[in-house]
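Colleague: Here it is, the structure, as structure tokens.
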Amino acid sequence: MTAHPDYEVVIGLEVHVQLRTRTKLFSTAAVSYGDEPNHHTTPVCLALPGALPVLNGEAVELAMRAALATNCTVHPISIFARKNYFYPDLPKGYQISQFEEPLATEGWLDIQVDDDEGEIRTCRIGITRIHMEEDAGKSLHDGSVVETHVDLNRAGIPLIEIVSEPDMRSPEEAGAYLRKLHAILRSVGASDADMEKGQFRCDANVSLRRHGSTELGTRREIKNVNSFRFVEAAIRAEIGLQAELLGEGGQVHQATVGYDAERDRIFLMRSKENADDYRYFPDPDLIPLQVSEERIEEIRAALPELPEARLARLVETHDLAEAEARQLLVDQGLADFFEAMVAAKAPPRRAARWLSRDVVAWLNEHDRELAAVAGTPEQAATLLRLVEEGRLTVRSAADLLPDLLERGGDPEAWMRERGLEAVSDEGALDTMADEVLAEQPKAVASYKEGDAKSVNFLMGQVMRKTQGKADPGRVREILIRKLEAL
């Protein structure tokens, strides 16, 4: 864990999360990514005279899911406000957000981090508030000429802002908090939280104070960092910069800064605004958002199993190592596929290793999502059962993997059609091993002289005779037994 000998590090995070809705927060324009600029707008998005906002109920439900999953109190009444500032990609001249009366407050997440002695330590990170707001548009800077274009496809997309307490004391704690928050939001379906698409954006507030002091230092905000690794690196760079400045007798001034990942350096963006600079006031076009206690409890009861609970269950029920279970939970779809395979009688540990290693590698290579593959969990389970039963070698199963993912089908039928069924007859393997030992006297002599690697060569010869259709482990056992008996 990164610590500083002279200063205590104080970190709070503000995370902007795009909610998983089909339409925008206050209009019927579609939520879409990567389309031509300004193709998803309405009079509300464009702030045309007379256009009035109408709240998206789906967004409210998703925001409540996020709040309840992070142990927040959802308030029966919350108020939308106007946050006033002027920028080309903000057509109204204000952003609709929540300020004094947000949707939810007083939540928390427990995270695990390594302490300085290498032990796992649990600490609780408070969540101050979760409020709803609309996103701004996007400014596009043309590099060929001195021009800025505005794309309003993003304007009005529903967001929640999740504001933590300043409870984190290291970059590693910040990273652990973000990873857990990210997993929870995806697991409850509140957001896809795709960082590359800007659906999960983090601002980090960092300050330093002398060890033992209870007074917070002046904070600086690192804006819009787009990966967990870069958040940790940016905080580390900011800690170094502030510590150097204070150590030289200087003073930290409140500011918004950016992080240059290529150069690993912090750069100044602007002096930091305070809340009063935004002149918040309740939006007169929107009535207070009211949610009944009954509806809150309905949404709480409908929440799916959260990642930590699922991790514990996967470990206990399927006898997985914690590391194996965590690899599956990187993507909820992967964990769902795994559980469906196990329900179809796939051996659990082999299924976990196969999914997190072979299948993920194939998906990454082909830039595909697991949800888009043709093969079903039941078909995948059949493939692994054939391996477990010794009817198909691991190598042959790997050869069938692309077919399974690309077009689906019956792996057992493919095995028979292609003549891939493993040679498992003990008598046949014994005979082939005897033939190889008789054909390779030099390798046998080398083994008897202490060269254990010779058995690998002999294995290769037996596997050649079986056309790769034997279990290598079983072939090795047979050869060593016979060599030791010579």
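Colleague: Please list, ordered by first then second residue, the pairs with beta carbon atoms under 6 Å, 6 or more apart or interchain, first in the stretch 452-479 and closer than 14 Å to PRO441 by Cα and at pLDDT 75 or above, second of a type in the set (Gly, Ala, Ser) and surrounded by 19 or more Cβ atoms within 10 Å (Cβ to Cβ).
Modeller: From residues that are closer than 14 Å to PRO441 by Cα and at pLDDT 75 or above, the pairs are SER454/ALA443; PHE457/ALA443; LEU458/ALA443; LEU479/ALA433.
Colleague: May I pose another question? Can you pull out every residue in the stretch 407-421 that is free of Cβ contacts under 8 Å to residues at least 24 places away in the same chain and assigned to a helix (DSSP H, G or I)?
Modeller: ALA413, TRP414, ARG416, GLU417
Colleague: Restricting attention to the stretch 221-253, report how many residues are in a helix (DSSP H, G or I) and under 15 Å from the mean Cα position of the chain (by Cα).
Modeller: 4
Colleague: So if I check each of VAL231, VAL225, which one is at pLDDT below 90, open to solvent by less than 30 Å² (accessible area, probe 1.4 Å) and under 18 Å from MET168 (Cβ atoms)?
Modeller: On the way: VAL231 fails: at pLDDT below 90.
VAL225 is the lone residue from the list that is at pLDDT below 90, open to solvent by less than 30 Å² (accessible area, probe 1.4 Å) and under 18 Å from MET168 (Cβ atoms).
Colleague: OK, next. Among the residues that make up the stretch 378-391, is at least one of them in a loop (DSSP other than H, G, I, E, B), more than 37 Å from the chain's Cα centre (by Cα) and either without any contact (Cβ under 8 Å) to a residue 40 or more places away in the chain or closer than 30 Å to LEU483 by Cβ (or both)?
Modeller: no
Colleague: Check off (1) surrounded by fewer than 20 Cβ atoms within 10 Å (Cβ to Cβ); (2) over 20 Å from GLN199 (Cα atoms); (3) of a type outside the set (Phe, Trp, Tyr) for VAL44 and give me the number that stays unchecked.
Modeller: (1)
Colleague: For residues that are in a strand (DSSP E or B) and among the small types (Gly, Ala, Ser), scanning just the stretch 169-220, find the one that is farthest from LEU303 (Cα to Cα).
Modeller: SER207
Colleague: Ok, one more. Taking the stated definitions as given, is PRO377 out of contact with any Gly (no Cβ under 9 Å at 6 or more places or on another chain) and either closer than 26 Å to GLU61 by Cα or hydroxyl-bearing (Ser, Thr, Tyr) (or both)?
Modeller: no
Colleague: Here are LEU483, LEU404: which of them is in contact with a Leu (Cβ under 7 Å, 6 or more places away or on another chain), at pLDDT 75 or above, part of a helix (DSSP H, G or I) and open to solvent by less than 80 Å² (accessible area, probe 1.4 Å)?
Modeller: LEU404
Colleague: Do we find a residue being in a strand (DSSP E or B), within 20 Å of PRO166 (Cβ to Cβ) and not acidic (Asp, Glu) anywhere in the stretch 90-106?
Modeller: Within the stretch 90-106, one or more residues are in a strand (DSSP E or B), within 20 Å of PRO166 (Cβ to Cβ) and not acidic (Asp, Glu).
Colleague: Related question: What residue, of GLU8, GLU36, is out of contact with any strand residue (DSSP E or B) (no Cβ under 8 Å at 6 or more places or on another chain) and either open to solvent by 30 Å² or more (accessible area, probe 1.4 Å) or at pLDDT below 95 (or both)?
Modeller: Testing whether each residue is out of contact with any strand residue (DSSP E or B) (no Cβ under 8 Å at 6 or more places or on another chain) and either open to solvent by 30 Å² or more (accessible area, probe 1.4 Å) or at pLDDT below 95 (or both) leaves just GLU36.
Colleague: Another question, then. Which one of these is out of contact with any Ser or Thr (no Cβ under 8 Å at 6 or more places or on another chain) and without any contact (Cβ under 8 Å) to a residue 60 or more places away in the chain: GLU294, GLU324?
Modeller: Just one listed residue meets the conditions, GLU294.
Colleague: Name the residue that is nearest to the chain's Cα centre (by Cα), counting only residues in the stretch 157-192 that are under 28 Å from PRO43 (Cα atoms) and open to solvent by less than 10 Å² (accessible area, probe 1.4 Å).
Modeller: Only one residue fits best here, namely SER191.
Colleague: Turning to a different aspect of this structure: Of everything in the stretch 358-401, what is open to solvent by less than 50 Å² (accessible area, probe 1.4 Å) and among the charged types (D, E, K, R)? Give them in sequence order.
Modeller: Once the filter is applied, which keeps residues that are open to solvent by less than 50 Å² (accessible area, probe 1.4 Å) and among the charged types (D, E, K, R), the stretch 358-401 yields only ASP358.
Residue by residue, here is whether (1) open to solvent by 50 Å² or more (accessible area, probe 1.4 Å); (2) touching a strand residue (DSSP E or B) at 6+ places or on another chain (Cβ under 7 Å); (3) more than 30 Å from ASP151 (Cα to Cα); (4) of a type in the set (Asp, Glu) holds:
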position	(1), (2), (3), (4)
LYS92	yes, no, no, no
THR105	no, yes, yes, no
LEU109	no, yes, yes, no
ASP114	yes, yes, yes, yes
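Colleague: Filter the stretch 11-33 down to the residues that are surrounded by 15 or more Cβ atoms within 10 Å (Cβ to Cβ), part of a loop (DSSP other than H, G, I, E, B) and of a type in the set (D, E, K, R) and list them by number.
Modeller: Across the stretch 11-33, the qualifying residues are ARG20, LYS24.
The values are calculated or read from the model by the stated rules, or taken from the named source; none is laboratory data. Owing to the predicted nature of the structure, the values given are computational and were not obtained by experimental measurement. A quick note on method: Cβ atoms are made from the backbone with ideal geometry, for glycine too, and the neighbour counts reach across all protein chains shown. Please note that ligands, DNA and RNA were not included when accessible areas were found on the heavy atoms of the full protein model with its side chains. Shrake-Rupley method; radii C 1.70, N 1.55, O 1.52, S 1.80 Å.
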